Structure formats: structure tokens, C-alpha cells
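Please read the structure below before turning to the comments.
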Amino acid sequence: MARDMTVPWLVGGDFNVIWDEEEKYGGLPVSLNEVDDFRHCINTCNLTDLGFKESIFTWWNGRSEDDCIFKRLDLCLGNMELQQTFPGLEVTHLSKIRSDHCPMLLKYDIESTPIKKSFRFLNFWVKHASFKDVVRENWKADFSANPFVIFNYKLKKLKKALSTWSRATFGDIFQKITSLEEVVLVHERKFKAYPTQMNRERLQKVQAKIIKYLALEEDIRRQKAGMTWFKDGDRNTKLFHAQVNGRRKRLKLKNIKNSLGN
């Protein structure tokens with residue numbers, strides 16, 4: 001089965017369906033049933049979006065003004081084994097030339113060494129309504145053994161479950177913000193040209209969504225920097241980066257001495 005795949009697995013192309021509402025502009029309202037079915041399929045296969053550079057939209061219906069529709073229908077997906085084996089994978093949406101779809105350029109930096117990302121518990125997870133259910137469901141062991149063996153098994157099981165749940169629930173926070181910023185600009189231009197009630201509601205909806213993800217970004221950077229004294233509401237990315245880089249410098253090992261004194 002797809003969920004039991006243990007080798008690097010890459011799936012890419014035109015899926016003819018979007019992952020989220022902000023990946024469509026114009027036309028009829030998004031069918032949430034289609035979105036949910038697509039998400040369920042991808043999550044069941046233990047695949048994740050590899051992200052992208054350039055414009056979020058990969059398809060255009062070729063029309064203008066009120067009849068114009070943009071969507072992100074083309075994706076590159078990979079399982080965890082693929083991302084660990086090829087950590088330098090990078091997807092770029094190229095310009096449309098002779099098609100209504102953007103070509104996708106998949107690049108891999110061959111000099112990159114495979115790395116395994118360490119698990120990081122994100123504090124904002126506990127605020128989500130389904131977090132406790134995920135923990136409760138995966139904090140189980142169906143065998144008898146030494147308590148420490150069972151405890152270690154439960155931790156590994158929960159770690160994998162939380163990683164999968166986080167990808168499905170939140171996705172890549174920083175990629176989301178980049179995409180939403182572009183979507184906001186598109187809707188702002190649309191509302192400025194055609195200030196209708198529908199265009200106002202669409203703009204407000206995507207603005208509310210980016211505010212939510214900006215708050216999550218703030219939580220991540222605050223946790224990364226270890227700044228428990230930071231006041232809620234402020235958002236200073238340079239300060240966050242300075243704090244994080246300062247910690248990295250202090251933790252860096254410059255010399256190691258062996259038993260012979262060398």
C-alpha cells in the first residue's frame with residue numbers, strides 16, 4: 001500500500017484539484033468536498049508538498065477581467081524517505097509559454113548530503129482542537145514489556161503521528177505566508193478595480209487567513225529564539241533571527257580534544 005512505501009517516492013503533475021482555498025482565484029466558490037478528498041488521499045499516502053518558488057498559480061483559463069480564473073493545479077509531492085535522501089530538492093514554477101499550465105522545474109543540489117531533521121515540538125500545537133485526540137490515540141502500546149521499552153515505543157509512535165498531523169493541519173507555515181501574500185495582492189487589485197461586496201468578502205477572508213499564519217510564524221520564531229519574555233503582539237523578524245543566530249554561535253563546537261590531549 002502507498003502508506004507502507006519505504007523507498008523514496010516522488011509524485012508530480014497536474015492533479016486537476018487544489019489543496020486549499022487560497023490556491024484559486026476567480027470563478028465559482030471552491031468545493032470543500034473535493035479539497036477534503038484530495039487532502040485525505042495525500043495524507044493517507046504519507047506524502048507532503050515539496051513547496052515551490054515563484055507564483056502560486058500554475059494554471060490560467062486564458063480569459064481576462066471578471067472571467068479570469070487562476071489555480072494551482074500542478075504539484076510535486078514526496079514522502080519522508082525522498083526528502084531525507086534528497087534534502088536539496090527545489091521546485092520552481094516557470095513562466096507559461098505555449099500552454100495554460102506552468103512548467104515545473106525540479107532541481108536537486110547533488111552536493112547536499114542527506115540529513116535527517118530532528119523532531120521539534122511546536123508549542124502552538126497544544127492550542128489546536130484535535131491535538132489531544134492525536135496524543136490520546138497514539139499514546140498506546142499493544143504489547144507487554146519493560147516500562148522503559150514501552151515508554152520509548154510510545155514516544156516514537158507519537159512523534160511520527162504528530163509530524164504527520166502537523167503537515168496535514170498546518171503545512172509549511174513560511175511557504176503558506178509567502179503564497180498568501182501574493183493572493184492578498186491579487187484580491188486587493190481585484191477589489192480596487194471592482195469594489196463589489198463579493199470581492200470585499202474574498203479579500204477579507206484571505207486577509208484573516210494570513211493573519212492566522214503570521215501569528216503561527218511569530219510563535220515559531222519566539223520558541224526558536226527562546227524568548228519567554230517577549231510580549232504578545234510585536235513582530236520583529238530581525239530580532240528573532242539575531243537571537244537564534246546568537247544561540248547557534250554560542251553552541252558551536254570549535255575544538256575537540258581527544259584522550260591523548262590533541
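Residues are listed down the side, and each one gets a yes or a no for (1) over 23 Å from Trp19 (Cα atoms); (2) open to solvent by 30 Å² or more (accessible area, probe 1.4 Å); (3) not small (Gly, Ala, Ser):
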{"site": "Phe121", "(1), (2), (3)": "yes, yes, yes"}
{"site": "His128", "(1), (2), (3)": "no, yes, yes"}
{"site": "Lys156", "(1), (2), (3)": "yes, yes, yes"}
{"site": "Gly171", "(1), (2), (3)": "no, yes, no"}
{"site": "Thr178", "(1), (2), (3)": "no, yes, yes"}
Q | Qualifying positions in the stretch 207-223 - over 12 Å from Ile177 (Cβ atoms) and at pLDDT 85 or above | A | Gln207, Ala208, Asp219
Q: Would you check which residues across the stretch 56-75 are surrounded by fewer than 17 Cβ atoms within 10 Å (Cβ to Cβ) and either in contact with a Phe, Trp or Tyr (Cβ under 6 Å, 6 or more places away or on another chain) or of a type outside the set (A, V, I, L, M, F, W, C) (or both) and list them?
A: Asn61, Gly62, Arg63, Ser64, Glu65, Asp66, Asp67
Q: Find all pairs meeting these conditions: Cβ atoms under 7 angstrom apart; at least six residues apart or on different chains; first residue within the stretch 91-102 and touching a residue at least 60 places away in the same chain (Cβ under 8 Å) and surrounded by 11 or more Cβ atoms within 10 Å (Cβ to Cβ); second residue part of a loop (DSSP other than H, G, I, E, B) and hydroxyl-bearing (Ser, Thr, Tyr).
A: His101/Thr58
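The values are calculated or read from the model by the stated rules, or taken from the named source; none is laboratory data. Since the model is a prediction, treat every value here as computed from it, not as a measurement. FYI the Cβ positions are ideal-geometry reconstructions off the backbone, even for glycines, and counts take in every protein chain you see. Quick note on the areas: whole protein, heavy atoms, side chains included, nothing else; ligands and nucleic acids left out. Shrake-Rupley method; radii C 1.70, N 1.55, O 1.52, S 1.80 Å.
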